């Protein structure tokens, strides 16, 4: 496959304009290694890792490849705990605690969702990945400067044209235009209006017109037809997540895999019941009964405190009723194959799709 | 422009695989004539017309062109009036009636939104348009049979894979895959779950995989990049609406045009406040304050009974606060030019977009 638009290939030093999306939870070093070896930009997802765990993942990657990789961080403002809100949320979920025989005080086992900070910055300067990407905006300039000085490229996601312009003004090297189809957390940071979030088909060309940096399309792209479409819209490349969730390299749980392969995998919604922030997943019991948007959920990531024990207890019984089943709207197009083959398939299918429209 | 996929060109007898979307209200015979003369499939929107008015529009079209055209109908089940619900809705809107100095009993002036029926069928058999398209499913088989016997092709919109399969099983000649980006009424008829409606990028390839008939992509497509992207996704063609709203041929009101050209034209949402069914428009005061989804709104189209007087009174004062400002998510890409030039631009831009990705 000869890519006409070489902007991302030259910027990142990769063979194909495809980023394996960082997905906190399912993404593993093995996924990133396989994606990078296949010529894409492999990504690690640091959002739920301590610095020590991220160090271990970076070491694993470096033992297997010196190809460019991306490390992704959340950069939300840490919330202030509101005791009344916490109590209300526990109360809202109490009947499920009863059903699962959980004590009312059960805690989430300490999964961290810390925003990017100095400790992570030191790791980046030590390992020097080619790219650092952020979700929910950008960290303050003081934290970005050392990365830039070290030659680390900086990306972030925009869900609106306004967010894309904000990111460009702050010096990102490329913008990920995250259409409403995308799975997992919406990267939105200048708006909290999920009703107005544009789909990929609408968002990408408008962002392309609004910024000068390369635009990476995300959301609903799970095979080569989507890659070809994104390029036609003017994107320099794509970020693909859901298509990697069924790979053997993915740490996708059994209930999550089952949901992605189910007949109703195309029934997804944005929900805040798992973390407090809108994220797209396959609709399940807790989303239907408590959400999909629960106004009473505590701020991100505090809602997870009371929601995660339900997930753990449910999964112990083989149930995904309380699990975040993150997925974009194209899970139906995902295949069970190694991550490297996902990249190779995307590349081959893109060629087929482009030749089909050109004759 | 040489189109590789000739399915729609051969099926409809047109030059370009583009349908000018029927938009009840803004669409005029002049728009359909111009689109058809430019080689697209021009459409009339019958949903808000009496048979006499539709007859007049069909006569106008036939005076100017014998090219293929499409006539679009709603085919909802007429609602049962619920007096309590009606009273509740009037009460919900009462403060706006007060603000605008409207009597509480003001009525909507009798705009009809009648489902397709026998009288319209007779008109179709008399004028024999090439295509009849439906929104909200299909009329009963007894009403379709005479159309088929007369050689009139039948289309309808699907917002999910399930709806596409349902339509194919009932013999449509092509399916319009209406992604969530689309303006105006969602064609949804097997689900009322707007949270799960897929975007165009996700919906089109899944529908293409699920049905054998040609798939027409709709939603967020307002320039040639979108057309090229839709073709890459496997669509046989596109239906484009919003891009025609700023044409001189469009009966788009002054407040509507202003909204489409405003800085916040990309802030749209699905709302039921104007008719009782979810439809996408630029967010305005009544959507923000009463909706965007008002659970208390009467069933389609009854909500319009109390909402339309507000629109009329508001527009008389130059305000679009109470007007349905229907728009897809790509109004920013729409240009003020004649409808025939919109078609020509779409064609030319598609060629540019396809050449750009191919080199």
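No value in this document is a laboratory result; all are computed from the given coordinates. Bear in mind the structure is a predicted one, so any value in this text is a computation, not a measurement. FYI the Cβ positions are ideal-geometry reconstructions off the backbone, even for glycines, and counts take in every protein chain you see.
With a ≥ b ≥ c the root eigenvalues of the C-alpha gyration tensor of segment B:47-164, is it rounded (a/c under 1.5), prolate (a/b larger than b/c) or oblate? Walk me through the intermediate numbers first.
On the way: a/c = 2.72, a/b = 1.79, b/c = 1.52.
The shape class here is prolate.
Specify the residue with the greatest mean-square fluctuation among A:81, A:332, A:273, computed from a Gaussian network of chain A linking alpha-carbon atoms under 10 Å apart.
Between A:81, A:332, A:273, it is A:81 that shows the largest mean-square fluctuation.
Over the Cα atoms, compute the radius of gyration (one decimal) and Dmax (the largest Cα-Cα distance, rounded to a whole number) for segment A:290-359, in Å.
Considering segment A:290-359 through its Cα atoms, Rg and Dmax are 19.2, 55 Å.
Place the label 7 angstrom along Cα→C-beta at residue A:119 and in each other copy, then list the distances from the first to the rest in nm, shortest first.
For residue A:119, the inter-copy label distances come out at 7.4 nm.
If r is the Cβ-Cβ distance from residue B:7 to residue B:118 and R0 is 51 Å, what FRET efficiency results, to the nearest 0.05?
Values: r = 32 Å, r/R0 = 0.62.
Given R0 = 51 Å and the Cβ-Cβ separation, E is 0.95.
For the protein assembly as shown, what is the Kirkwood hydrodynamic radius in Å, using each pair of distinct C-alpha atoms?
Value: 26.2 Å, from the Cα pair sum.
Starting from the Cα of residue B:62, move 7 Å in the Cα-to-Cβ direction to define the label point; list residues of segment B:118-137 whose amide nitrogen is under 11 Å from there.
In segment B:118-137, the label zone of residue B:62 (backbone N under 11 Å from the point 7 Å along Cα→Cβ) covers B:123-129.
Output the relative contact order of chain A, whole-number percent, from Cα pairs under 8 angstrom with separation of 6+ residues. Mind dumping the intermediate values first?
Numbers: 765 pairs, mean separation 68.1, N = 359.
The value is 19 percent.
Based only on other Cβ atoms within 10 Å, what is the fewest-to-most ordering of B:215, B:290? Before the final figure, lay out each step's value.
Details: B:215 30, B:290 23.
Going from sparsest to densest Cβ surroundings: B:290, B:215.
I need the peptides A:254-266, B:234-246, B:188-200 ranked by packing, meaning the mean over residues of other C-beta atoms within 10 angstrom, with the highest value on top.
Averaged packing, sorted descending, gives the order B:234-246, B:188-200, A:254-266.
At what distance in nm do the modelled label points of residue A:254 and residue A:107 sit from each other, each positioned 7 Å from its Cα along Cα→Cβ?
2.9 nm
Quick one: label points 7 angstrom along Cα→Cβ at residue A:101, distances to the other copies in nm, smallest first?
The projected label point of residue A:101 is separated from its counterparts by 7.1 nm.
Does chain B classify as rounded, prolate or oblate by the C-alpha gyration tensor (a ≥ b ≥ c root eigenvalues; a/c under 1.5 gives rounded; else a/b over b/c gives prolate, otherwise oblate)? List each step's numbers first, then the result.
Working: a/c = 1.57, a/b = 1.38, b/c = 1.14.
Prolate, because a/c is 1.5 or more and a/b exceeds b/c.
From Cα coordinates alone, what are the radius of gyration and Dmax values for segment A:206-303 in angstrom?
Spelled out, the Cα radius of gyration and Dmax of segment A:206-303 are 16.3, 44 Å.
Below 8 Å, C-alpha to C-alpha, sequence gap of six or more: please give me the relative contact order for segment A:233-331 in percent. It would help to have the intermediate numbers written out before the result.
On the way: 154 pairs, mean separation 31.2, N = 99.
Here the relative contact order equals 32 percent.
Whole number please: convex hull volume per residue of the Cα set in segment B:142-276, in Å³? The partial results should precede the final answer.
Working: hull volume 19.6 nm³, N = 135.
With only Cα atoms used, segment B:142-276 gives 145 Å³ per residue.
Could you line up A:2, A:37 from fewest to most neighbouring Cβ atoms inside 10 Å?
Numbers: A:2 7, A:37 15.
By the 10 Å Cβ count, ascending: A:2, A:37.
Run the quick spin-label model on residue B:212 and residue B:337: label points 7 Å from Cα toward the beta carbon, then report their separation in nm to one decimal.
For the pair residue B:212/residue B:337, the computed spacing is 4.0 nm.
Given a Förster distance of 30 angstrom, what is the FRET efficiency for residue B:312 paired with residue A:263, based on the Cβ-Cβ distance and rounded to 0.05? Don't jump to the answer; show the numbers that get you there.
Details: r = 47 Å, r/R0 = 1.55.
Rounded to the nearest 0.05, the efficiency is 0.05.
Identify which of A:121, A:220, A:340 has the largest mean-square fluctuation in a Gaussian network model of chain A, with springs joining Cα atoms closer than 10 Å.
A:121
Anyone know which of A:17, A:79, A:292 comes out most mobile in the 10 Å Cα GNM of chain A?
Result: A:79 has the largest fluctuation of those listed.
Roughly how crowded by other chains is peptide A:175-181, in terms of the mean Cβ count from those chains within 10 Å of each of its Cβ atoms? Intermediate values should be presented prior to the final figure.
On the way: counts 0, 0, 0, 0, 8, 9, 9.
Taking all residues of A:175-181 together, the mean is 4.
Partner chain Cβ atoms within 10 Å, averaged over the residues of A:232-241 - can you pull that number for me? Walk me through the intermediate numbers first.
Details: counts 16, 12, 7, 2, 0, 0, 0, 0, 0, 0.
Mean shielding by partner chains, rounded to a whole number: 4.
Summarise the partner chain shielding of A:188-194 as one whole number: the mean count of Cβ atoms from other chains within 10 Å of each residue's Cβ.
Numbers: counts 0, 0, 0, 1, 0, 5, 2.
Going residue by residue through A:188-194 and averaging, the value is 1.
For the residue pair residue B:165 and residue B:98, what label-to-label distance in nm results when each label sits 7 Å from Cα along the Cα-to-beta-carbon direction?
Distance between the two pseudo-spin positions: 5.2 nm.
Cut-off is 10 Å between beta-carbons; in what order do A:166, A:89, A:326 appear when sorted fewest neighbours first?
By the 10 Å Cβ count, ascending: A:166, A:89, A:326.
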